[in-house]
1. Defining a contact as two alpha carbons under 8 Å apart and six or more residues distant in sequence, what relative contact order in percent does the range 220-328 show?
2. If neighbour count is taken as other Cβ atoms inside 10 Å, put 275, 178 in order from fewest to most.
3. To the nearest 0.05, how large is the calculated FRET efficiency for residue 215 and residue 305 if R₀ is 51 Å and r is the Cβ-Cβ distance?
4. Taking 0.36 nm per residue of sequence separation and subtracting the Cα-Cα distance, how much length would be gained by fully extending the chain between residue 207 and residue 118, in nm to one decimal?
5. Identify which of 214, 94, 235 has the largest mean-square fluctuation in a Gaussian network model of the chain, with springs joining Cα atoms closer than 10 Å.
6. Kindly state, to the nearest 0.05, the FRET efficiency for residue 12 paired with residue 289, given R0 = 41 Å and r defined as their beta-carbon distance.
7. Residue by residue through the range 205-219, what is 3J(HN,Hα) from phi via Karplus (6.51 cos²θ - 1.76 cosθ + 1.60, θ = phi - 60°)? Round to whole Hz and write x for glycine and proline.
8. Give me the extension gain from residue 173 to residue 277: residue separation times 0.36 nm, minus the current Cα-Cα distance, reported in nm with one decimal.
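Coordinate-derived values only; no laboratory data. These numbers come from a predicted model, not from an experiment. In this analysis, Cβ positions are derived from the backbone assuming ideal geometry, glycine residues included, and neighbour counts consider all displayed protein chains.
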Amino acid sequence: MTRVNKLTQEVSEKIAAGEVIERPSSVIKELVENSLDASSDDIRVHINKAGKELIRIIDNGHGIHPDDVELAFSRHATSKVSGINDLNKISTLGFRGEALASIAAVSRIELRTRQNNQKEGTKLIMDGGIIKEIGSTGCPVGTDISVKDLFFNTPARLKFLRKDASEIALIQDIVNKLALAHPNVRFSLFNNNNKLLNTSGRNDLFEVIANIYGYQTAKKMLYVEYDANDISLRGYISRPELTRSNRNYQTLYVNGRYVKSSFLSERIEKGYHTLLAKHRYPFAIIKMNIPQEKLDINVHPAKIHVRFSDQKYVGDVMTKAITNTLKREELIFQASPTK
Ligand code: ADP
Ligand code: MG
């Protein structure tokens, strides 16, 4: 006879963890977003062996109160939402209170954290979600978290990870996007002590673009500044001769959140009129601000899709912003684009 039984907490924790944490880059995304939510302006990411051995994030944010450290690692524990009304006006990157619990369930954690009004910080050591040690410690203000041996207790997931080079590429992609979204934050990324990224935090988007794509590429970017009624667009697009064979170089943000949107990408490309060759895609780093009530961001951890209540209007604004930029540079409505 088949009977129903309740999963043990250990099993259900691992299943839930799998929904949020797929690979090293997802750990890094969640932890860096926590650092940003904690108002850090200096975030250092160190990985060993593509993050499979170690992911360490050191921030200078507001830290976690000693009485909250243990709680922060339990599921559905968050400082970012308290009541149902908060759900309509979420301004932080996280809010589901799942990341730390999920990461801890499938790795070994070592955490040090201190708030600036506390004399001492807290140290926590966990192993597969189980607390091994917790107590006070001297440490700088902020949070320093190490995630070791990711998926050591979920061999199926460990096997699913790709070669180091692919995992590193995914990590770089995530950190680059976070750095582009926050030019006011100093980011660094090291793999086995090799520097992969270092931004200054001087709040200069152009400089971050140069840090990531190189100065020669950055020089071919055009500044975008466009305001419609309630939509504002800021960022950079490439001159029409600087294109790639895919859209990986298009990074779009809506109200500070990175989103993937083939709809917006198409509208950007439409703004170039006939200047783009077939199957060639421009660079674009564009930040859109739009009243929160006009969009629906579905923030499932794996999905970053966005819907607008007036899709056509938003698309037209985007196209117009691009066309205007190219007109300003006298690249549009000329017989042949200037090189
Ligand atoms: P969420 O980000 O959705 O709230 P998390 O599991 O990622 O959930 O984190 C739980 C809580 O732990 C956060 O709400 C926050 O209060 C605290 N926290 C996590 N990381 C940091 C950090 N780097 N600095 C300060 N507080 C943090
Ligand atoms: Mg979080």
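1. 34 percent
2. Starting with the residue having the fewest Cβ neighbours, the order is 275, 178.
3. The computed FRET efficiency comes out at 0.95.
4. That works out to 28.4 nm of additional length.
5. Maximum among the listed residues: 214.
6. FRET efficiency, residue 12 to residue 289: 0.55.
7. 4, 4, 5, 5, 4, 5, 4, 8, 9, x, 5, 4, 6, 4, 4
8. Stretched fully, the residue 173-residue 277 segment lengthens by 34.9 nm.
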